[in-house]
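S.K.: Quick one: the structure is below, and I'll ask about it shortly.
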């Protein structure tokens, strides 16, 4: 069981690091755009060109602004990361834990991950917008505020730390 939980913790940490790198990249893109625009006010687009292909992706200033902490691109990145956290639990580690305990997957339940399921539903089935079930959240209520699903780096960090805490509790419960 300890190997299962250590692997779970490592995969969650890798996902979180990938999120933080992507989060930083969005900020860096926005910063570089405005840094360049400061000396070149006529600039209209931020362009990413791929050297191995003819593909290029253009971002208008309005689109670059979606990189800010509450911007659309940051919300998508944060929401996808939170959904992936839950999916890793539900699709892989919940089953591995159940197999190790010789019980059915649905017998392995946890309040934190139950709330994460509701958050994931809001993200994936309601286009990153709040659903009424978010009102039921207790442990993760910080992600919901007056009909708004909060998806910033702060929420991702809190969810990440919450998952690490749950893994520690699993270790104490199943490996002592």
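The values are calculated or read from the model by the stated rules, or taken from the named source; none is laboratory data. Computed from a predicted model, the values in this text were never measured in an experiment. All Cβ positions, even for glycine, are placed from backbone atoms using ideal geometry, and neighbour counts span all protein chains on display.
S.K.: Name the residues in the stretch 43-70 that are buried (at least 16 other Cβ atoms within 10 Å of the Cβ) and either in a strand (DSSP E or B) or in contact (Cβ under 8 Å) with a residue 40 or more places away in the chain (or both), would you?
M.R.: 46, 59, 67, listed by residue number.
S.K.: When you go through 131, 118 one by one, which is the residue that is touching a residue at least 12 places away in the same chain (Cβ under 8 Å), under 25 Å from residue 8 (Cα atoms), surrounded by 15 or more Cβ atoms within 10 Å (Cβ to Cβ) and touching a helix residue (DSSP H, G or I) at 6+ places or on another chain (Cβ under 7 Å)?
M.R.: Going through 131, 118 in turn, just one is touching a residue at least 12 places away in the same chain (Cβ under 8 Å), under 25 Å from residue 8 (Cα atoms), surrounded by 15 or more Cβ atoms within 10 Å (Cβ to Cβ) and touching a helix residue (DSSP H, G or I) at 6+ places or on another chain (Cβ under 7 Å): 118.
S.K.: Only one of 43, 119, 82 is at pLDDT 95 or above and out of contact with any strand residue (DSSP E or B) (no Cβ under 8 Å at 6 or more places or on another chain). Can you tell me which?
M.R.: When all the criteria are applied, what remains is 82.
S.K.: Could you list, in sequence order, the residues of the stretch 93-113 that are in a helix (DSSP H, G or I) and either in contact with a strand residue (DSSP E or B) (Cβ under 8 Å, 6 or more places away or on another chain) or without any contact (Cβ under 8 Å) to a residue 60 or more places away in the chain (or both)? It would help to see each step written out before you state the result.
M.R.: So in the stretch 93-113, the residues in a helix (DSSP H, G or I) come out as 93-101, 105-107, 111-113.
Correct list: 94, 95, 98, 99, 105, 106, 107, 111, 112, 113.
S.K.: Here are 40, 106: which of them is surrounded by fewer than 15 Cβ atoms within 10 Å (Cβ to Cβ), farther than 29 Å from residue 154 by Cα and in contact with a helix residue (DSSP H, G or I) (Cβ under 9 Å, 6 or more places away or on another chain)?
M.R.: Only one candidate passes the filter, namely 106.
S.K.: Determine, yes or no, whether residue 76 is in a strand (DSSP E or B), surrounded by fewer than 17 Cβ atoms within 10 Å (Cβ to Cβ) and either at negative phi or in contact (Cβ under 8 Å) with a residue 12 or more places away in the chain (or both). Before you say what the answer is, go through the steps one by one.
M.R.: Values: in a strand (DSSP E or B): no; surrounded by fewer than 17 Cβ atoms within 10 Å (Cβ to Cβ): yes; either at negative phi or in contact (Cβ under 8 Å) with a residue 12 or more places away in the chain (or both): yes.
No: the conditions fail for residue 76.
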